[in-house]
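> Have a look at this one before I ask anything.
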Amino acid sequence: MASFSESYTQQQAQVRIGTQLCDQEKDFIQKRLAGAKNALEKILGTQLTDSQVPKIALCASGGGARAALTTLGALKGATSSTNENLNILDLCSYFATLSGSTWALSGLVYSGMNAQDYIEHFAAQITKGLLDDFNLEDLTLELKKKEANNQPISFVDVYGILLAQRLFNHLDTDCPSAINLADYIQRVDAAKIPFPIQTSIIGNQSLDHYEWVEYTPYEIGTLLSQSFIPTWAFNRTFNNGSSTNAAPPLSLGFCIGMWSSAMCIDPKDFFEVVVKDKWTKEMLQNMSQDIGSTLSSYLEKEFGTLVSSAANIFEKLHLDHLLHLKNTDMPSFSGHHFSPAQAYNWTYGMKDMPLSAEQFLTLVDAGIDINIPLPPLLRPEREIDIIIVLDASDNPSLELEHTKTFAEKHGLYFPTITMSDINKPCAIFKDPSHQESPIVIFMPLIQNPGYQNNWNPWSETFTSTFNAQYTVDQTHQLTGLMQYNMQQSMPMILDTIKQCIENKKNIM
């Protein structure tokens with residue numbers, strides 16, 4: 001059966017410039033708010049007006065398979081309350097993810113399953129090796145498709161296709177590698193789940209900052225330069241705001257690989273993010289000549305098997321000339337990202353756009369900048385009242401500080417975070433002086449005295465960001481902790497929602 005996105009092959013795409021949300025998102029959110037209103041009225045036993053219903057967002061961090069399982073565990077807790085009327089997921093309008101948590105959200109969206117059923121599917125898939133479901137024919141077709149459309153191919157293509165073949169195997173599809181993001185539209189139009197937002201950043205060397213990109217079922221675009229295209233036009237060629245070909249959209253596997261491409265980190269960021277606590281700036285300056293070899297050794301240690309497999313696959317396809325991958329040798333580094341994902345720049349040739357002269361965008365894991373995807377939820381146009389943060393980061397205080405800095409730099413509202421409170425299963429942060437500031441309900445991955453004899457996930461080696469294969473017991477242990485924390489936090493969350501409703505009543 002033809003994919004939904006194929007119906008757009010005869011349409012020319014136009015770049016949309018502006019801060020406003022697209023009409024499809026507005027319609028979607030109205031449907032979600034109507035559902036949230038009904039759910040809240042059952043929980044509270046009272047009638048609400050439309051303006052009294054808060055906009056609530058879920059926000060899940062990066063952290064590889066650990067983040068995916070943390071997200072799914074929280075969802076299980078949110079949808080299995082002892083109060084049969086209380087399902088937090090039904091109250092949420094948005095769901096933003098980053099890096100590893102995109103694995104959980106993309107599969108949940110595409111599968112059409114409820115959260116609890118999808119957890120069991122995901123747990124079964126994550127116990128497999130990355131190559132266990134490998135299908136060379138499917139991978140070949142996807143790469144040849146990109147080659148036929150003159151689209152750049154990188155290590156991330158292979159990585160993403162391997163992820164798709166594992167995560168989407170046994171779902172309702174004959175070819176997991178061929179699923180594309182535009183086909184999400186069919187899965188979300190009824191608004192039975194929160195509006196999904198996945199994220200990356202643009203890492204072109206000519207930029208002096210990282211530009212955040214959001215990916216939704218309807219549009220893909222940048223937060224700062226405020227340029228958007230239809231999702232089905234992602235990786236078409238553009239010139240001066242109009243598409244110039246009818247290339248098919250990129251696969252969902254490519255997107256997942258790109259969203260979680262932490263291995264593509266720039267050497268500069270590698271030392272800032274990965275080894276910042278081990279070496280001083282003075283030591284790093286003295287080691288500047290050895291940055292390439294140090295990063296190469298690190299990547300070879302952490303991703304050696306995957307890199308070797310990818311290189312061998314490319315050699316079989318006779319496409320290794322498109323990459324800087326030869327056998328198992330790691331490429332040299334000179335201040336650039338390691339074999340990152342690239343896509344055609346939709347602002348190419350557009351006046352006053354920062355990257356208008358560059359044909360390609362370099363797209364990498366947003367966790368390299370901030371490991372919590374709060375930036376798209378802070379857009380004033382979304383008017384979000386409450387953000388429930390599910391954080392599997394190994395340094396949550398740093399990520400919250402980075403978010404605060406991002407908000408201040410771009411004139412966005414974000415509450416002050418009391419750092420002493422983030423070491424709790426649930427903490428509430430507000431800014432009463434600014435009604436525009438969202439309430440942040442912060443839920444880190446943290447041990448809980450009431451769960452399995454105070455089991456600490458951070459004392460386990462299997463929870464490493466770079467571990468992509470879990471045993472069944474390990475998946476249950478990790479998801480069970482976050483499920484426990486979520487269920488225990490339900491009264492605090494519900495009280496916060498009630499207070500938000502009361503505040504809205506007082507404003508009227």
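> Go over the candidates 166, 187 one by one and state the one that is crowded, with 22+ Cβ neighbours inside 10 Å, out of contact with any strand residue (DSSP E or B) (no Cβ under 8 Å at 6 or more places or on another chain) and charged (D, E, K, R).
So the residue among 166, 187 that is crowded, with 22+ Cβ neighbours inside 10 Å, out of contact with any strand residue (DSSP E or B) (no Cβ under 8 Å at 6 or more places or on another chain) and charged (D, E, K, R) is 166.
> Filtering the range 379-438 down to residues that are part of a helix (DSSP H, G or I) and of a type in the set (D, E, K, R), which residue is surrounded by the most Cβ atoms within 10 Å (Cβ to Cβ)?
This residue is 399.
> Among the residues of the range 11-18, is any more than 24 Å from residue 258 (Cβ to Cβ) and open to solvent by less than 50 Å² (accessible area, probe 1.4 Å)?
The answer is yes; a qualifying residue exists.
> When residue 113 is evaluated against the numbered criteria (1) open to solvent by 10 Å² or more (accessible area, probe 1.4 Å); (2) in a helix (DSSP H, G or I), which criterion, by number, is the only one it fails?
Unmet condition: (2).
> Can you tell which of 483, 469 is closer than 30 Å to residue 120 by Cα and in a helix (DSSP H, G or I)?
When all the criteria are applied, what remains is 483.
> Determine whether residue 160 is part of a loop (DSSP other than H, G, I, E, B) and under 21 Å from residue 100 (Cβ atoms).
Against the criterion (part of a loop (DSSP other than H, G, I, E, B) and under 21 Å from residue 100 (Cβ atoms)), residue 160 does not qualify.
> Looking at the range 34-42, is at least one residue within 23 Å of the chain's Cα centre (by Cα), under 15 Å from residue 382 (Cβ atoms) and surrounded by 14 or more Cβ atoms within 10 Å (Cβ to Cβ)?
No, the conditions are met nowhere in the range 34-42.
> Under 8 Å by Cβ, and 6 or more places apart or on different chains, what pairs join a residue from the range 361-383 that is under 12 Å from residue 98 (Cα atoms) and small (Gly, Ala, Ser) with one that is in a helix (DSSP H, G or I) and open to solvent by 10 Å² or more (accessible area, probe 1.4 Å)?
Pairs found: 367/262.
> Follow-up question, since we're still on this one. Mind listing just one residue for me: the one in the range 457-500 that is β-branched (Val, Ile, Thr) and surrounded by 17 or more Cβ atoms within 10 Å (Cβ to Cβ) and, of those, nearest to residue 99 (Cα to Cα)?
465
> Being at pLDDT 90 or above, assigned to a helix (DSSP H, G or I) and buried (at least 22 other Cβ atoms within 10 Å of the Cβ): is that true of residue 108 here?
no
The values are calculated or read from the model by the stated rules, or taken from the named source; none is laboratory data. Because the structure is a prediction, the values reported are computed rather than measured. Note that each Cβ is placed from the backbone with ideal geometry, even for glycine, and that neighbours are counted across all protein chains shown. These accessible areas exclude ligands, DNA and RNA; they are computed on the full protein's heavy atoms, side chains included. Shrake-Rupley method; radii C 1.70, N 1.55, O 1.52, S 1.80 Å.
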